[in-house]
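Worksheet: the structure to be examined is printed underneath.
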Amino acid sequence: MLLRSFTWIMTGLLWVTVSTPSMADSRDHRQGERLFRDQCSGCHSLDPGVHRAGPSLDGLIGRPAGDLDDFDYSQAMQDAEHTWTTETLDAFLADPDTFVPGTAMVFWGLDETQRDQVIHYLESATAE
């Protein structure tokens, strides 16, 4: 009886240990999706070639700034000499006008947790 109880306890602990990171990742992904929908989707699409006030974010990670031929970027973004990585996107979403002075993006930034959630969402949602 004691051995059976111990086995159930260990099985429960193993389940919690194994499932907790994926549950947290899933929760962060959902939160990132919600933040994107609430904060970004009014101006940006995730669909290839579908532009709104801002360019499509499809395939964003790894793309040079201002690089889509079918979107009319601000001069500041055209002149930006960086590639979108998680690090550059983090800096941009923290304070767009400081990272790319003169950007046409009207956005006051996200806090660190929100940026992390949105970036991870974009990584998975826009992977090529």
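The values are calculated or read from the model by the stated rules, or taken from the named source; none is laboratory data. What you are looking at is a predicted structure, and each value in this text was computed from that prediction instead of being measured. Methodologically, a virtual Cβ is constructed for each residue, glycine included, from the backbone with ideal geometry; neighbour enumeration extends over all protein chains shown.
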In the stretch 2-19, is there at least one residue being modelled with pLDDT under 95, under 14 Å from the mean Cα position of the chain (by Cα) and exposed (fewer than 12 other Cβ atoms within 10 Å of the Cβ)? no
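Being among the polar types (S, T, N, Q) and surrounded by fewer than 12 Cβ atoms within 10 Å (Cβ to Cβ): is that true of Thr113 here? Explain how you work it out, then say what you get.
Details: among the polar types (S, T, N, Q): yes; surrounded by fewer than 12 Cβ atoms within 10 Å (Cβ to Cβ): yes.
Here the answer is yes, as Thr113 does meet what is asked.
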The stretch 80-110 - residue that is out of contact with any helix residue (DSSP H, G or I) (no Cβ under 6 Å at 6 or more places or on another chain) and of a type in the set (S, T, N, Q) and, of those, nearest to Ala125 (Cα to Cα): Thr85
Which of the residues that make up the stretch 84-101 are at pLDDT 95 or above and part of a loop (DSSP other than H, G, I, E, B)? Trp84, Thr85, Val100, Pro101
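When the stretch 35-83 is examined, which residues are found to be more than 17 Å from the chain's Cα centre (by Cα) and in a helix (DSSP H, G or I)?
First, pick out the residues of the stretch 35-83 that are more than 17 Å from the chain's Cα centre (by Cα): 49-53, 66-82.
If the condition is that a residue be more than 17 Å from the chain's Cα centre (by Cα) and in a helix (DSSP H, G or I), then Gln75, Ala76, Met77, Gln78, Asp79 are the ones that fit.
Out of Ala127, Ala65, Ala53, which single residue is crowded, with 16+ Cβ neighbours inside 10 Å and either in contact (Cβ under 8 Å) with a residue 12 or more places away in the chain or within 20 Å of Arg37 (Cβ to Cβ) (or both)? Give the steps one after another, and end with the answer.
Working: Ala127 fails: crowded, with 16+ Cβ neighbours inside 10 Å; Ala53 fails: crowded, with 16+ Cβ neighbours inside 10 Å.
Only one candidate passes the filter, namely Ala65.
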With (1) at pLDDT 95 or above; (2) touching a His at 6+ places or on another chain (Cβ under 9 Å); (3) in a helix (DSSP H, G or I); (4) not hydroxyl-bearing (Ser, Thr, Tyr) as the list, and Asp28 as the residue in question, which single condition is left unmet? (1)
